[in-house]
Amino acid sequence: MPYIDGFVIAVPTANRQKFIDHARTFDPVFMEYGATRVIEGWGDDVPDGKVTDFRRSVQATPEETVVFSWIEWPDKATRDAGMKKMMEDPRMDPSTNPMPFDGKRMIFGGFESVVELER
């Protein structure tokens with residue numbers, strides 16, 4: 001079963017196209033280093049919760065949209081090697097290729113697949 005990296009970020013709504021352009025530049029690098037799939041989801045139906053929710057998790061302001069993204073890897077070993085290469089890749093340097101969002105509020109984690117259904 002695949003290994004999944006998940007991300008939730010708050011992106012200024014005005015930066016939607018900048019975010020898409022950024023993803024189109026950097027997501028292929030994940031594929032180059034072994035990812036099998038990358039999904040970037042722009043928030044469309046992200047309700048406020050009573051206790052917690054996606055917006056609160058990244059301290060999104062009313063001027064921001066929540067983005068939910070994930071990267072699928074064939075296994076954790078491929079992910080670990082790929083992420084190491086990503087961190088060393090000069091294309092990922094935020095001083096030359098800044099992110100169109102506040103990376104300090106991004107939440108992320110790696111997940112082992114335990115159930116997978118496909119059609």
Next on the checklist: Show the residue pairs meeting these rules: Cβ distance below 9 Å; 6+ apart or different chains; first residue within the range 73-84 and β-branched (Val, Ile, Thr); second residue part of a helix (DSSP H, G or I) and open to solvent by less than 60 Å² (accessible area, probe 1.4 Å).
Outcome noted: none
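So which of 60, 35 is under 15 Å from residue 23 (Cα atoms), assigned to a loop (DSSP other than H, G, I, E, B) and at pLDDT 95 or above?
Answer to the check: 35.
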Checklist entry - Do you know which residues across the range 74-119 are among the charged types (D, E, K, R), outside any strand (DSSP E or B) and in contact with a strand residue (DSSP E or B) (Cβ under 8 Å, 6 or more places away or on another chain)? => result 75, 76, 79, 102, 105
Checklist entry - How many of the residues making up the range 62-91 are loosely packed, with under 11 Cβ neighbours inside 10 Å and either under 14 Å from the mean Cα position of the chain (by Cα) or not acidic (Asp, Glu) (or both)? => result 3
Checklist outcome for this item: Per the filter on the range 92-112, residues of a type outside the set (A, V, I, L, M, F, W, C), touching a residue at least 60 places away in the same chain (Cβ under 8 Å) and exposed (fewer than 13 other Cβ atoms within 10 Å of the Cβ) are 97, 103, 109, 112
Next on the checklist: Please pick out the residue among 44, 27, 48, 5 that is open to solvent by less than 40 Å² (accessible area, probe 1.4 Å), more than 25 Å from residue 114 (Cβ to Cβ) and either among the acidic types (Asp, Glu) or in a loop (DSSP other than H, G, I, E, B) (or both).
Outcome noted: 27
Checklist entry - Within the range 27-83, how many residues are within 11 Å of residue 9 (Cα to Cα) and of a type in the set (Asp, Glu)? => result 2
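The values are calculated or read from the model by the stated rules, or taken from the named source; none is laboratory data. Model, not experiment: these values are computed from the prediction. Please note: Cβ atoms are built from the backbone with ideal geometry, for glycine as well, and neighbour counts cover all protein chains shown. These accessible areas exclude ligands, DNA and RNA; they are computed on the full protein's heavy atoms, side chains included. Shrake-Rupley method; radii C 1.70, N 1.55, O 1.52, S 1.80 Å.
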